[in-house]
1. In deg cm²/dmol, rounded to 500, what helix-only [θ] at 222 nm does the chain give when every DSSP H run of at least 4 residues adds -39500 (n - 2.57) and the total is split over its residues?
2. Segment 120-267: D in µm²/s via Stokes-Einstein (Kirkwood Rh, Cα pairs, 37 °C, 0.692 mPa s)?
3. Given a cut-off of 21 Å, name the pairs among Lys194/Lys251; Lys99/Lys158; Lys227/Lys251; Lys99/Lys251; Lys158/Lys194 whose C-alpha atoms lie farther apart than that in the structure shown.
4. Compute the distance in nm between two label points, each set 7 Å from the Cα along the Cα-to-Cβ direction, one at Ile94 and one at Arg140.
5. Could you tell me the calculated FRET efficiency between Asn42 and Asp178, based on Cβ-Cβ distance and R0 = 41 angstrom, to the nearest 0.05?
6. Mind checking the per residue accessible area of the chain for me, 1.4 Å probe, whole number of Å²?
7. Please list 221-228, 57-64 highest first by mean number of surrounding beta-carbon atoms within 10 Å per residue.
8. Using alpha-carbon pairs under 8 Å, 6+ residues apart, how would you state the relative contact order of the chain in percent?
Amino acid sequence: MDSMNASYRQLNTSRSREQLSINAEKSLNGLEVFSHELLEINDFSYRTPAVYSVSSDEYLEIRSQIISIILSLSMGKETRAEENQSAQIDVNKISFDRKLTEIAMEVFPMNPHEASNRDVWSYISLRVLPDVAMWRFPNRSNDPEWERYLGSDRNTFKRLWWRAYMLGGPLASELDEDELVQMFERTESIGSNKRIMQSMATFALDSREDMKSIGGKASSLITEIAKSLRRSMAIIAYESMTDIEIDAFVKHHGNDALNRIRISREK
């Protein structure tokens, strides 16, 4: 697959809602929510012009890779899954997130332009991997706008892809969920700068023992660093900094954040 030029299928909002409802009804009746026929429904679109369009077989390969992750976590070894294998397997969901984040760029080879399209992820979640999405984030309230299945920033798979893209899969997979949420959902403008995000993540990992000795939550360090950085970024053009300067900039504010947390815990 040509990752830079690949055009993924898009499922628009109205069809996504309809498919979400159909999947919910199937699940309620104990039926498999995934079938090969879902990939043959010709109601999707591609971006125009589409240099290279992802095929049904390639979607099945994506599905197979992800099912294999679940099976490997469940059975303690890598296992090649059948294409129609159900994802209803009881494994640790955080472990699944970590493993998929680590290799997300390989499983979903796409460019950022494609990855920013919500309809792309709606198709993947509702047509290619509906059982995996429902297993990972059950829609217990039957919300017709369930953000984990539709292509919002909190989509089951989209959020993992962007974590891998911004931080690199191996680094992102080492962070805890609370830390990642703070970085990607609470940091506002900081979340758009890869170099700052990577430096923050590295500092947070390097500071775990310090946070442990303080007795604070790891995610609180990210929050405090972000607050400090935002204040400085209002008057500093960080875009012009070198990588070394970025690292020093973040480390300075990180140490400042550590001291604030330490003082607050000592009171």
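The values are calculated or read from the model by the stated rules, or taken from the named source; none is laboratory data. The shown structure was predicted, so the numbers you read here are calculated from the model rather than taken from an experiment. When we count neighbours, we look across all protein chains shown, and the Cβ atoms used for this are built from the backbone with ideal geometry, even at glycine. All accessible areas refer to the heavy atoms of the entire protein, side chains included, with ligands and DNA or RNA removed. Shrake-Rupley method; radii C 1.70, N 1.55, O 1.52, S 1.80 Å.
1. Taking each H run of at least 4 residues, the total per residue is -17500 deg cm²/dmol.
2. On the way: Rh = 16.7 Å.
Approximately 197 µm²/s, per Stokes-Einstein.
3. Values: Lys194/Lys251 16 Å; Lys99/Lys158 14 Å; Lys227/Lys251 14 Å; Lys99/Lys251 28 Å; Lys158/Lys194 17 Å.
The pairs that break the limit, which is 21 Å between Cα atoms, are Lys99/Lys251.
4. Going by the 7 Å Cα→Cβ label model, 1.8 nm.
5. After rounding to 0.05, the efficiency reads 0.45.
6. That works out to 49 Å² per residue.
7. Going from most to least packed, we get 221-228, 57-64.
8. Working: 338 pairs, mean separation 46.4, N = 267.
Result for the chain is 17 percent.
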